[in-house]
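*Asks:* One structure, as structure tokens, below. Some questions next.
Just so it is clear, none of the values below were taken in a lab; they were calculated from the coordinates. Computed from a predicted model, the values in this text were never measured in an experiment. Here the Cβ positions follow ideal geometry from the backbone for every residue, glycine too, while neighbour counts run over all protein chains shown.
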Amino acid sequence: MNDQTISTLISAISPRDYVTVLTGAGVSAESGVATFRNKDNGLWSQFDPQKLARFESFLENPELVWKWYNFRKETIYSVQPNPGHVALVEMESLFSDFYLITQNIDNLHKRAGNNSIIELHGNIEHNYCISCQQPKNDIVNLPPTCDVCGGLVRPDVVWFGEMLNQEVLRSAFFHSEQSTIFLVIGTSAQVYPAANLPVVAAQHGAKVIVVNPEPTPIDAIAHVVVREPSGEWLPEFARRIKQQWEK
Ligand code: BV8
Ligand code: ZN
């Protein structure tokens, strides 16, 4: 990371900046939640994503897909938000316009205390009946069935090949277009339409800051690329902004 560029950027940041953030699985890595694509413990490396995160596969083997989500829930319930999540809560209080768009379904931003969260791909805590849409959040037997109509209950997440909620997507693009600062944190930027958001932000004049220890396709349009773990860099970034304003 070019500290001079970051220092220049921080000295120009004001409370009137419109800050939009896009997070991916990497923001939860330091909490101990496996990401999707990294080779060693990436979730996908243990399971075939086409097998598990598609509606057709769910119909074919609902029990297997439910076991995968329950495995992930157990991990998520056993961990805590990390300092990167906490720094994003702090940043929400620093800017009148702050919007946190996440690809993650792990609920860790909500548990950390953020309010203005846009969940692009749903939330692992919610489920609904595929026949009558009735919500059902107390999952006992596998696969769970609907209390109202007996239909199959699925996790309320967006699978590959499924449309995102149009209102959620509209709101995500709106805040990306309005942003003056767009932070891209912990995502390999391979999943669409989420990966379009930073591009749209840059096209509308936002300064894009990428925070990722590894290279990503979004680096090419970034104003600054920070090759550090988000749990270490974000707290420092929030601290330096506050210090700057206290001068
Ligand atoms: C759709 C929910 C319309 C479920 C998920 C256009 C072009 C190409 C393909 C498509 C396109 N439009 C549609 C597609 C198809 C597809 C797609 O994008 N495929 C990709 C793989 C090529 N998209 C869709 O199907 C979407 N639907 O577009 O509908 C449509 C409909 C029909 C036909 C056509 C179009 C729906 C996509 C949503 C899929 N659901 N999740 C669940 O979670 O179980 S996606 C899943 O991947 C998660 O949400 C995850 O967040 C997301 C993205 O992954 P990342 O978050 O980036 O995680 P990853 O492991 O990849 O990367 C982690 C990063 O963190 C790494 O870079 C690593 O270096 C970094 N990192 C690690 N440690 C740290 C760190 N960073 C910072 N600090 C650290 N400590
Ligand atoms: Zn039902």
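*Asks:* Hey, what did the chain get for relative contact order, percent, Cα under 8 Å, at least 6 apart?
*Replies:* Working: 431 pairs, mean separation 58.6, N = 247.
Relative contact order here is 24 percent.
*Asks:* So if each residue of separation counts as 0.36 nm, and I subtract the Cα-Cα distance between ARG111 and ALA220, what length gain in nm does that give? Walk me through the intermediate numbers first.
*Replies:* On the way: separation 109, 0.36 × 109 = 39.24 nm, distance 3.25 nm.
Going from the current span to full extension adds 36.0 nm.
*Asks:* Another question, if that's okay. Please state the relative contact order of the stretch 1-141 as a whole percent: Cα pairs under 8 Å, 6+ residues apart? It would help to have the intermediate numbers written out before the result.
*Replies:* Values: 160 pairs, mean separation 34.5, N = 141.
For the stretch 1-141, the relative contact order is 24 percent.
*Asks:* Turning to a different aspect of this structure: Per 0.36 nm of contour for each residue apart, how much would the distance between ARG239 and TYR77 grow if the chain were fully extended, relative to their Cα-Cα spacing? Display every interim value, and only then the final one.
*Replies:* Values: separation 162, 0.36 × 162 = 58.32 nm, distance 2.86 nm.
Result: 55.5 nm gained on full extension.
*Asks:* While we're on this one: So what are the ³J(HN,Hα) numbers for the stretch 89-101, from phi and the Karplus equation (6.51, -1.76, 1.60; θ = phi - 60°), rounded to whole Hz, Gly and Pro as x?
*Replies:* Ordered by residue, 3J(HN,Hα) equals 5, 4, 5, 4, 7, 7, 10, 5, 10, 9, 10, 10, 9 Hz.
*Asks:* Can you list residues whose amide H is under 5 Å from VAL226's amide H, if they're 5+ apart or on another chain and H is modeled 1.01 Å from N?
*Replies:* Correct list: VAL210, VAL211, ASN212.
*Asks:* Further question on the same structure: Hey, what angle do you get for helix 3-12 against the long axis of the chain, alpha-carbon based, 0 to 90 degrees rounded to 10?
*Replies:* The answer is roughly 90 degrees.
*Asks:* Going through the cross-link list LYS73/LYS136; LYS110/LYS207; LYS207/LYS247, which pairs have a Cα-Cα distance over 19 Å in this structure? Walk me through the numbers before you get to the answer.
*Replies:* On the way: LYS73/LYS136 16 Å; LYS110/LYS207 26 Å; LYS207/LYS247 24 Å.
Checking Cα-Cα distances, LYS110/LYS207; LYS207/LYS247 exceed 19 Å.
*Asks:* Here's another thing I want to ask about it. So, R0 is 41 Å and r is the distance between the beta-carbons of CYS149 and ALA12; what FRET efficiency does that work out to, to 0.05? Please report the intermediate quantities before stating the final value.
*Replies:* Working: r = 56 Å, r/R0 = 1.37.
The formula returns an efficiency of 0.15 here.
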